[in-house]
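Beneath this line is the structure, given in structure tokens, with notes to follow.
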2 protein chains.
Amino acid sequence: MLVEASRGGVVETRHRVHAAVVSPDGRLIARAGDPDFVTFWRSGAKPFQAMPLLLDGVIEHFAMTVPELALCCASHSSEPHQVQLVRDLLAKIGCTERDLLCGPHPPLSERVAQDYATRGVRLTPAYSNCSGKHAGMLALARHHGWPVERYTRGDHPVQQRCLSEVARWTATPESRIATAVDGCGVRTFAVPVRNMALAYAKLGKGEGGKGSGVVDAMVRFPELIAGEGRPCTDMMRAHPGRVVTKVGAAGVYCGLLTREGWGIALKVEDGNGPAAVLAMAATLAELGLRPQPAHLMSQPIPNTRGEPVGEMRVNGTLEREKNGA
Amino acid sequence: MLVEASRGGVVETRHRVHAAVVSPDGRLIARAGDPDFVTFWRSGAKPFQAMPLLLDGVIEHFAMTVPELALCCASHSSEPHQVQLVRDLLAKIGCTERDLLCGPHPPLSERVAQDYATRGVRLTPAYSNCSGKHAGMLALARHHGWPVERYTRGDHPVQQRCLSEVARWTATPESRIATAVDGCGVRTFAVPVRNMALAYAKLGKGEGGKGSGVVDAMVRFPELIAGEGRPCTDMMRAHPGRVVTKVGAAGVYCGLLTREGWGIALKVEDGNGPAAVLAMAATLAELGLRPQPAHLMSQPIPNTRGEPVGEMRVNGTLEREKNGA
């Protein structure tokens, strides 16, 4: 599977896609490129970094709401109500925005970014797309009585706890998971694309239903997982309850088909984000979730006058495995 | 040859490079990936789109200066003096900025872009990085008495004349050159990477020295070909007179080693610009132009707090051809 950008009908650039579709028992249903391609999970790991909130009793302890849990799994758009929800959660656990160690950045939504730039809104750590995840990590620390300082460091019990969940859901021993520092400062985990897909499959129908709380939060609040006009939100809204999707930085995209219980993970080898969106939408369409929103199936390439002079779209399909479904 | 971005020492994304190093008589000296990879030349074609200015007597007709010719070959940074030079050239040929059909865009130099944003400078077509090329095309039209209207259209004699030069220098019949609309609205040309390299080789030592005027302008005014702190300018300044380099959009980079007369062209398959810069600097270093500026040999990857958490650099080398030099 390639994502190709063409100009005047001639292909100009190519993005290679490595993808795996996996059942909860680990069968490879379909693939593209190399399903064993190892890369960092980035924000695709967020549902599993949020898992200790459910498993360790943090939700009950702090009476966390479903929208708050959804935000812990999100790469949100820094929309005002999303930022407010994060601040509410911080207050609830006895923390403030000063405890957040994620750096701020322009909102992932261009519309929101432009609005804040025009209005001169000062971007603080709560505006980070990862601020929900960080607030969840602080809640985990508070719950266990761990220090909230330095919660992003690899040797902090919060990060150790996240690693243990990543290892469990990906069925990969901790010792075989390489880690590095994510864009927001916490640990990120290198695993094969196939194992990312397995984790999402198990989220739906595996581990004795332990993933159901996360799935429920994500499908009920797609507008919190990304934001207005962003791909994860649009993909989940197009087929309500049928799919969970979660973008990761550097060309990662993951998902779960709730009915089939199939996990999906893909990586655009060169890390191109728009190509990953197109690859994910095409994959969902191929697996039966049709139609996908038209703006996720091809993207126009404009010149500096704004006239369309080319487009980016997927070329190729998944290869079905003979022993798959 | 790959350009790899790693995080915590683990490779996260990969960019494939197709490259050719060619002598003026067409011998392949070295390669990476597929030297016959066909793609759009984009701004790598500018020296050849400027060629009619020399060959048709436009320079003499309008008493064009060497800096003006250099700007016609440039993807400039929209620095104030560069924009002024373009306006001077337009005045000289009896045109105004209103004749320019290139759309404006934020300056390619981040420093200049930020400065203009802070000061609220209105970006007009003369600020396009291609405004020198467009002014040159208008000069060509004026010289020949062709209409200046619609000079960007494929059927306009200006674009036909450019196509004929591209065909000549790349040794590719016009009928075999696919065209499309470039980012700035004029025609762009799809040719194999190897033929792009051949054109640059001939620019130095071919076609009976017809390219010497362009080479002279580019090596004498590297600050006009890109701008302060931009890669083409830095590469040419690092080895004065020894090298011409010219970036193109979507991962294209071209160059000429003036002493050897070797042409170089490369394309990052996925169009990644920073990867193309690293690939070009590594290629120049490998071909003997050492040292290259350190910031062109590896690029740090920061997190949102600005701390370096990874780096991008070239992995691999050119393959020398047995029958090459």
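The values are calculated or read from the model by the stated rules, or taken from the named source; none is laboratory data. Owing to the predicted nature of the structure, the values given are computational and were not obtained by experimental measurement. Don't worry about glycine lacking a Cβ; one is built from the backbone with ideal geometry, like all the others, and counts go over all protein chains shown. In case anyone asks, the SASA skips ligands and DNA or RNA and just uses the protein heavy atoms, side chains included. Shrake-Rupley method; radii C 1.70, N 1.55, O 1.52, S 1.80 Å.
Just to check your reading of the model, which residue among A:R150, A:R122 is surrounded by fewer than 19 Cβ atoms within 10 Å (Cβ to Cβ) and under 24 Å from A:A226 (Cα atoms)?
A:R122
Taking region B:303-318 as the search range and keeping residues that are at the interface with another protein chain (Cβ under 9 Å from one of its Cβ atoms) and surrounded by 14 or more Cβ atoms within 10 Å (Cβ to Cβ), which one is farthest from B:V277 (Cα to Cα)?
Step by step, filter region B:303-318, then rank; the result is B:R305.
Quick check on region B:65-95: of everything there that is more than 16 Å from B:V215 (Cβ to Cβ) and of a type in the set (A, V, I, L, M, F, W, C), which residue is surrounded by the fewest Cβ atoms within 10 Å (Cβ to Cβ)?
Top of the filtered list is B:A91.
Have a look at A:L163, A:L198 and point out the one that is within 14 Å of another protein chain (Cβ to nearest Cβ), assigned to a helix (DSSP H, G or I), more than 22 Å from A:G94 (Cβ to Cβ) and modelled with pLDDT of 95 or more.
A:L163
Examine region B:207-223 for a residue that is open to solvent by less than 10 Å² (accessible area, probe 1.4 Å), away from chain A (no Cβ under 14 Å), touching a Lys or Arg at 6+ places or on another chain (Cβ under 7 Å) and small (G, A, S), and state whether such a residue exists.
Looking for residues that are open to solvent by less than 10 Å² (accessible area, probe 1.4 Å), away from chain A (no Cβ under 14 Å), touching a Lys or Arg at 6+ places or on another chain (Cβ under 7 Å) and small (G, A, S), one finds at least one in region B:207-223, hence yes.
Is it the case that B:P240 is more than 17 Å from the chain's Cα centre (by Cα) and either open to solvent by 60 Å² or more (accessible area, probe 1.4 Å) or within 24 Å of B:V191 (Cβ to Cβ) (or both)?
yes
Which of (1) surrounded by fewer than 24 Cβ atoms within 10 Å (Cβ to Cβ); (2) among the basic types (K, R); (3) in contact with an Asp or Glu (Cβ under 9 Å, 6 or more places away or on another chain) does A:R98 not meet, given it meets every other one?
Result: A:R98 passes all but (3).
Assess whether B:R153 counts as being part of a helix (DSSP H, G or I) and at pLDDT 95 or above.
Here the answer is no, as B:R153 does not meet what is asked.
Kindly evaluate B:E269 against the criterion of being within 21 Å of B:V21 (Cβ to Cβ), touching a Lys or Arg at 6+ places or on another chain (Cβ under 6 Å) and of a type in the set (D, E, K, R).
On the way: within 21 Å of B:V21 (Cβ to Cβ): yes; touching a Lys or Arg at 6+ places or on another chain (Cβ under 6 Å): yes; of a type in the set (D, E, K, R): yes.
Answer is yes for this residue.
In region B:243-261, which residues are on the phi > 0 side of the Ramachandran plot and either more than 12 Å from the chain's Cα centre (by Cα) or among the basic types (K, R) (or both)?
The one that is on the phi > 0 side of the Ramachandran plot and either more than 12 Å from the chain's Cα centre (by Cα) or among the basic types (K, R) (or both): B:G261.
When the residues of region A:32-56 are narrowed to those that are touching a His at 6+ places or on another chain (Cβ under 8 Å) and away from chain B (no Cβ under 14 Å), which ends up farthest from A:V166 (Cα to Cα)?
If we take residues in region A:32-56 being touching a His at 6+ places or on another chain (Cβ under 8 Å) and away from chain B (no Cβ under 14 Å), then A:A32 is farthest from A:V166 (Cα to Cα).
For region B:6-16, which positions are facing chain A (nearest Cβ under 7 Å), open to solvent by less than 30 Å² (accessible area, probe 1.4 Å) and closer than 15 Å to A:F37 by Cα?
Passing the criteria: B:E12, B:T13, B:H15.
With the requirement that a residue be open to solvent by 10 Å² or more (accessible area, probe 1.4 Å) and either among the basic types (K, R) or in a helix (DSSP H, G or I) (or both), what does region A:166-178 give you?
A:A167, A:R168, A:E174, A:S175, A:R176 - these are the residues of region A:166-178 that are open to solvent by 10 Å² or more (accessible area, probe 1.4 Å) and either among the basic types (K, R) or in a helix (DSSP H, G or I) (or both).
Mind telling me which of the residues B:V191, B:V186, B:V158, B:V181 ends up being buried (at least 19 other Cβ atoms within 10 Å of the Cβ), touching a helix residue (DSSP H, G or I) at 6+ places or on another chain (Cβ under 6 Å), over 21 Å from B:K210 (Cα atoms) and of a type outside the set (G, A, S)?
On inspection, the qualifying residue turns out to be B:V191.
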